[in-house]
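Chemist: Sharing a structure, written as structure tokens. Questions coming.
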């Protein structure tokens, strides 16, 4: 149980375009979903926290107009990278916390974004 | 504020050696959770263990063991008889309340383990 999927697993896009990444909790409902970013050889950095039906809370230094997060249901959150640039190339990982155990986070497999 | 320190950036061991990965944490919360994750080259995080702040009992799972000591704020991870498949980056993480009933994870910088055949 507790499976989180991400789609796509990798994507290449041209500079200036927008990319949407989906995060789904497949067998549980998630009160809260998180989005992380990981640069090569670095740790995971929390970008934002989203609760279903409300606006996401962004970490300091993360541009909310650039990284649009929508948490439309208890099983789906999306991250849209708008007007992507090469410096946005990174590994994006989502996680989801179940209703019953909010201290727990189940991670998706990640999405590798390359902006050319 | 929460903080997790993994002082070892990279470790190399020869297969069958034992290796311990260190993790030291800081938190003001009395209730918190500690985790270890493995991240192989594929990138997907693999959950290894969760410990809550009230359970200092050490745990062993096959070749893996964990030593949780609140007195030194440490949660170290030992791999016995290491294997090449253990090569990965290992992250220690701390989960504490962030308000409104939710928790937030703070990751250490990770330790890259290379097991040489």
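Chemist: Return the single residue from A:36, A:103, A:92 with maximal mean-square fluctuation; model: Gaussian network over chain A, springs between Cα atoms under 10 Å.
Modeler: Between A:36, A:103, A:92, it is A:103 that shows the largest mean-square fluctuation.
Chemist: Which of the peptides A:24-30, B:37-43 is most tightly packed, and how do the rest follow, judged by the mean count of other Cβ atoms within 10 Å per residue?
Modeler: Highest mean packing first, the order is A:24-30, B:37-43.
Chemist: Let me ask another. So how do A:77-85, B:45-53 stack up, highest first, on mean other-Cβ count within 10 Å?
Modeler: A:77-85, B:45-53
Chemist: Please tell me the relative contact order of chain A in percent, rounded to the nearest whole number, where contacts are Cα pairs under 8 Å and at least six residues apart. Write down the numbers at each step before the final one.
Modeler: Numbers: 297 pairs, mean separation 42.7, N = 116.
Contact order relative to length: 37 percent.
Chemist: Moving on. Shape call for chain A from the C-alpha gyration tensor, a ≥ b ≥ c root eigenvalues: rounded (a/c under 1.5), prolate (a/b greater than b/c) or oblate?
Modeler: Working: a/c = 1.77, a/b = 1.60, b/c = 1.10.
Because a/c hits 1.5 or more and a/b exceeds b/c, chain A counts as prolate.
Chemist: Hey, what did chain B get for relative contact order, percent, Cα under 8 Å, at least 6 apart?
Modeler: Details: 287 pairs, mean separation 44.0, N = 117.
The value is 38 percent.
Chemist: Quick check of the Kirkwood formula: for chain B, what is the inverse mean of 1/r over all pairs of different Cα atoms, in Å? All intermediate terms of the calculation are to be shown ahead of the outcome.
Modeler: On the way: mean 1/r = 0.0689 Å⁻¹.
The answer is 14.5 Å.
Chemist: While we're looking at this one, here's another question. Let me confirm one metric for peptide B:6-16, namely the mean number of other chain beta-carbon atoms within 10 Å of its residues' beta-carbons.
Modeler: Values: counts 1, 0, 0, 1, 1, 0, 0, 0, 0, 0, 0.
Taking the mean over all residues of the peptide, I get 0.
Chemist: Shielding of A:98-106 by partners, i.e. mean partner chain Cβ atoms within 10 Å per residue? Let's see the in-between values first.
Modeler: Values: counts 0, 0, 0, 3, 7, 13, 7, 10, 2.
That average works out to 5.
Chemist: Next question, about the same structure. Return the percentage of antiparallel bridges among DSSP beta bridges fully within chain B, rounded to the nearest 5 %.
Modeler: Antiparallel bridges: around 90 percent, rounded to the nearest 5.
Chemist: Go ahead and set up a Gaussian network model of chain B, Cα springs under 10 Å, then flag whichever of B:71, B:12, B:98 fluctuates most.
Modeler: So, out of B:71, B:12, B:98, the one fluctuating most is B:71.
Chemist: Send over the per residue convex hull volume for the protein assembly as shown, Cα only, as a whole number of Å³. Walk me through the numbers on the way to the answer.
Modeler: Working: hull volume 29.1 nm³, N = 233.
Residue-normalised Cα hull volume stands at 125 Å³.
Chemist: Is the shape of segment B:60-116 best called rounded, prolate or oblate, per the rule: a/c under 1.5 gives rounded, else a/b larger than b/c gives prolate, else oblate, with a ≥ b ≥ c the square roots of the Cα gyration tensor eigenvalues? Intermediate values should be presented prior to the final figure.
Modeler: Details: a/c = 2.71, a/b = 1.84, b/c = 1.47.
It comes out prolate by the Cα gyration axes.
Chemist: So, one more: Averaged across A:89-96, how many Cβ atoms of other chains sit within 10 Å of each residue's Cβ atom?
Modeler: Working: counts 0, 0, 2, 0, 4, 0, 2, 0.
Per residue, the number of nearby Cβ atoms from other chains is 1 on average.
Each value in this text was obtained by applying a stated rule to the coordinates, not by laboratory testing. What you are looking at is a predicted structure, and each value in this text was computed from that prediction instead of being measured. With ideal geometry, Cβ positions are generated from the backbone for all residues, glycine too; neighbour counts draw on all protein chains shown.
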